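The values are calculated or read from the model by the stated rules, or taken from the named source; none is laboratory data. On a predicted model such as this, the values are computed, not experimentally measured, just so you know. Positions of Cβ are generated from backbone atoms using ideal geometry, with glycine treated the same way; all protein chains shown enter the neighbour counts.
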Amino acid sequence: MDVLLPIFQLLYFVAHFLASLALSVLDTFHLLHRVFLQVSAVLRGGDLPVLRIQADAAQLKKIPQHLGLVCIGKQVYQISNLANVITWAVGYGVRYVSLYDMHGALKRQRLVILQHLEEMCADINYTVITHNNEANQAKDIVENSRSGPHVIVNLLSLTDGKGSLAATARQLSSGTSKVNQELLESLKVTRGQPDPELVITIGEPISTMGFLPWQIRLSEFFAVPSLNRFEYGDFQTILRQYSKCEQRCGK
């Protein structure tokens, strides 16, 4: 057994190295492919044609009004790719997009997100809302005024999901609050907006990471490993699969 142990350790090391190398090669391939598509778009004088996205959307039976994007780990720094997804979503007719990560990294990158939206979503009228439930502060709202389709982008973190739910539970247990319609509505951080019908988790491990627990009881979830390998065709496939989902709500 003592003789076999070093052999097993060596085999494990080699397998781990080969798997890491394969993932690195795959990431590099997708990055080069994305750069090629961007260069081709510039040479053609524009990004992905709006008419193509609208034609793809017309083939679907249903389209979500509210899309949730849960960013896990290093995916929170893929701001340019997130802006691409928002552009595709708006082309399909999505009117609310919630960007979420547990630790508030997206909120701290608010200015970077605004810059990318300004550069990449030139024909989109957007409103970016940074929620601040933890500090009990007013929402930070930034709007632009353009003639294109309007989308509301929510920047959310754990304190806007499980945090607010836990705080309300403590109030109820202490007897300082009573259960009523107003209290239930206050649990919805994005109140006034429809609940997310479609949520895409990006990164590993596959988890909701505490994303809006009060508002996802009917959400359809899809998982992708990385934004580096997430292209329009992948987004289109998810929308097609969502369109085919039949929710019976217990009936």
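Cβ-Cβ below 8 Å, separation at least six or inter-chain, first residue in the stretch 68-97 and within 18 Å of ALA55 (Cα to Cα) and in the same structural domain as GLN236 (by TED's automatic domain parsing), second small (Gly, Ala, Ser) and part of a helix (DSSP H, G or I): which pairs?
The qualifying pairs are GLY91/ALA57; TYR92/ALA57; GLY93/ALA57.
From the set of residues in the stretch 122-137 that are farther than 10 Å from ASP160 by Cα and either out of contact with any Leu (no Cβ under 9 Å at 6 or more places or on another chain) or not assigned by TED's automatic domain parsing to the domain that holds ILE152 (or both), which is modelled with the highest pLDDT?
Top of the filtered list is THR127.
Of the residues VAL76, VAL90, which is part of a helix (DSSP H, G or I), under 16 Å from VAL199 (Cα atoms) and within 10 Å of the chain's Cα centre (by Cα)?
VAL76
Taking the stretch 187-205, which residues are part of a loop (DSSP other than H, G, I, E, B) and in contact (Cβ under 8 Å) with a residue 60 or more places away in the chain?
THR190, GLN193, PRO194, ASP195, PRO196, GLU197, GLY203, GLU204, PRO205
Taking interchain pairs and intrachain pairs at least six residues apart, which have beta carbon atoms under 6 angstrom, with the first residue in the stretch 133-151 and under 18 Å from TYR100 (Cβ atoms) and the second at pLDDT 75 or above and acidic (Asp, Glu)?
The qualifying pairs are ASN133/ASP160.
Taking the condition in contact with a Gly (Cβ under 7 Å, 6 or more places away or on another chain), within 16 Å of LEU69 (Cα to Cα) and of a type in the set (S, T, N, Q), does SER207 pass?
No.
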